[in-house]
Each structure stands twice: as C-alpha cells, then as structure tokens.
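The values are calculated or read from the model by the stated rules, or taken from the named source; none is laboratory data. It should be emphasised that the depicted structure is a prediction, and the values quoted were computed from it without experimental measurement. Positions of Cβ are generated from backbone atoms using ideal geometry, with glycine treated the same way; all protein chains shown enter the neighbour counts. These area figures cover heavy atoms from the full protein model, side chains too; ligands, DNA and RNA do not enter into them. Shrake-Rupley method; radii C 1.70, N 1.55, O 1.52, S 1.80 Å.
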Amino acid sequence: MTDPQVTGLRSIEYDVLDLAKTSRFYEICWGLEKIAEHEGSHYFRATGSEHHIVVLHESSNVGVNRINFAAPDSDTVDALHAKLSGLGISMKGDPADLNTPGGGYGFGFIDRDGIDYGISSDVTAHSDAEMATDRPFKLSHVVLNSDKVDDQTEFYRDVLGFRVSDRTERMNFIRCSPDHHSIAFAHNQGPSLNHAAFEVPDFDALMCGSGRMKQKGFPVQWGVGRHGPGNNVFGYFFEPNGMVVEYTAEVEQVDEATYKTGTPEEWKQRVQGPDRWGFADPPTDHLRRCMGGDPQPPEVDIF
Ligand SMILES: [Fe+2]
C-alpha cells in the first residue's frame, strides 16, 4: 500500500478528576449516552453510528488522554503502523484485535508532541444512528496547542495522509475527510488540549443544546458565532474539569477537486477576527487560560 491514510476522527479520551461527576455532565448536560464501562473507564456515544466518541478515565491529572482515528480497513492499519515504525515514533505495540468496547483492530503511538493516538478499523458501528434536535451526532474536531505547529502539520500530512485546509496566524486546520478540519494546531507554548468540538445537526440544534447547557448551569463562554475557516457555527463551554468543549454545526464540506488552501494573509483580508458575524464577545480570560492548556474548573456545582 503506497499511501495509507486515516479517514476520520473517532473519539477523544480524557483524564478527569471526578469520573462520576464528569459522567453526569456528559449525559445530563452535553447530551451523550453512556454505553459501557471498561476497566474503570466510562464510554459515551453520540446519536451517530460511531461506537463511542468520548472516554473518561479517572486520574489525578486533567487533559487529553488519547485521540482515536479511523482507518478504512485492517490493511491500512498495518500499512500506517509500518510507516510510523520507520520514523522513530514511540509505538505502543503491534496492530492487534482491540479488547476495548466496540472492539476492532488497531494500535497506538505517541507523536512528537507527546500526544497519545490510536488508529483502528473494524470497530462496531451502531445501526440506530439518527439526528436529534439538540444532541451531538459525532466528534467534529480536536484543536491541540503546540509550539511546533508547522512541524506537526507536515507530520500529519506526510505520514497520516491529512490535507491542509487553511492556515491562519493562530492555527493550521487539517482534514482527513470531507469535513474542513478534524484536527487543528494552535500556536501556543508546548503541547496541550485547546478544545474538542461536537457536531450537532444544524444551527437550531446548536441553540437548543446551548440552551440546555445554560439551564443546567453551564452558560456559553464564547459565542454563538460563525468561524472563518470551516465556516462552522460555534458555541464554547466549560466541562466540569475546566476543559473546553464546543457545539458546532454547518461545518464546511471540502471538494478535493476544487478546494484551495487559504493563507494567513488571505484570511486577514477575508474575516475580521474569529467570528464572521461580529456578534460574539471575545473569549473571557478564564476561557483563554483553559484553551491555553491550563484547565481551571468553573464555579458551578449542579450535581
Ligand atoms: Fe473548534
């Protein structure tokens, strides 16, 4: 296989301080459904077909534990493993059948920023996927902070088959499917999680979900607005550990035949700031700090 590629973003795994409290948040406030417990960790699905999109691990730390990508088949998993193994990357074993909920075939590795990843195929898919009026149906994208944004972008392009959708002064946006971005790298000090975004069916669903969050004690921290790159509608919130989660909708779908990668200079001309509408106030200092990789729990106790 000459050009193995990952073809989607499956799930994000978090280290959290209070597993029970964070589980209640994802079920009652965020709109996911707990479908499994395995070795003390909790697994959550959205309304889409992906087996699970969030995993919570109780820990003394807060942050991203692992990000999982999809490969189309086991041959691609093997080919990506062989490609990564020749690059001096820290590999976490050979490809094998997975004993985690949803099963499948895959392996793990740690990238040059020290972030843990999984790549898998043949994970059990749900047959009852549907769109709900106020709940996420998939994990849309993960934004990672890095002081080596261009190096990371090249690695994901050259090794995992990502394409560069846009570059701005703040971020590089990369895709592995028609979605405008599944990963973005934000210029920042060192590697950390900036935020993860969960896609809801449309703008109305985003407002309904945001309203539920507000009623549950987690008001929107930034938004509602519409981003420049990706053209997606956004609303940003804290989860109980102070990590940042986003509801998003209307993500731009890329036509590989015609799409032209935008440059920082072009985006400065096209859009003033990160909100096309100019409606959203700037992010609070608290939100900026959490997006910068220093999660500070919000002062809310609803449970
Ligand atoms: Fe985002």
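A few notes on this one:
- Tally, over the range 193-224, of residues that are surrounded by fewer than 21 Cβ atoms within 10 Å (Cβ to Cβ) and assigned to a strand (DSSP E or B): 1
- Verdict on ALA186 being at negative phi, among the aliphatic types (A, V, I, L, M) and part of a loop (DSSP other than H, G, I, E, B): no
- Residue check, PRO283 part of a loop (DSSP other than H, G, I, E, B), within 16 Å of the ligand (Cβ to nearest atom) and either among the aromatic types (Phe, Trp, Tyr) or under 28 Å from ALA132 (Cβ atoms) (or both): yes
- One residue alone among THR153, THR124 is among the polar types (S, T, N, Q) and open to solvent by less than 10 Å² (accessible area, probe 1.4 Å), and that residue is THR153.
- Hits in the range 229-252 - residues which are open to solvent by less than 10 Å² (accessible area, probe 1.4 Å), closer than 19 Å to PRO178 by Cα and more than 12 Å from the ligand (Cβ to nearest atom): none
- Strands (runs of 3 or more DSSP E) completely within the range 109-174 that count 3 or more residues being hydrophobic (A, V, I, L, M, F, W, C): 138-146
- When residues of the range 99-114 are limited to those that are over 15 Å from ARG10 (Cβ atoms) and open to solvent by 20 Å² or more (accessible area, probe 1.4 Å), the one modelled with the lowest pLDDT: ARG112
- Residue match in the range 77-88 (condition: closer than 23 Å to GLU199 by Cα and either in contact (Cβ under 8 Å) with a residue 12 or more places away in the chain or assigned by TED's automatic domain parsing to the domain that holds LEU193 (or both)): no
- Scanning the range 211-227 for any residue that is within 17 Å of the chain's Cα centre (by Cα) and under 22 Å from ASN145 (Cα atoms) turns up at least one such residue.
- Looking across the range 70-97, just one residue is of a type in the set (A, V, I, L, M), open to solvent by 60 Å² or more (accessible area, probe 1.4 Å) and at pLDDT 95 or above, and that is ALA82.
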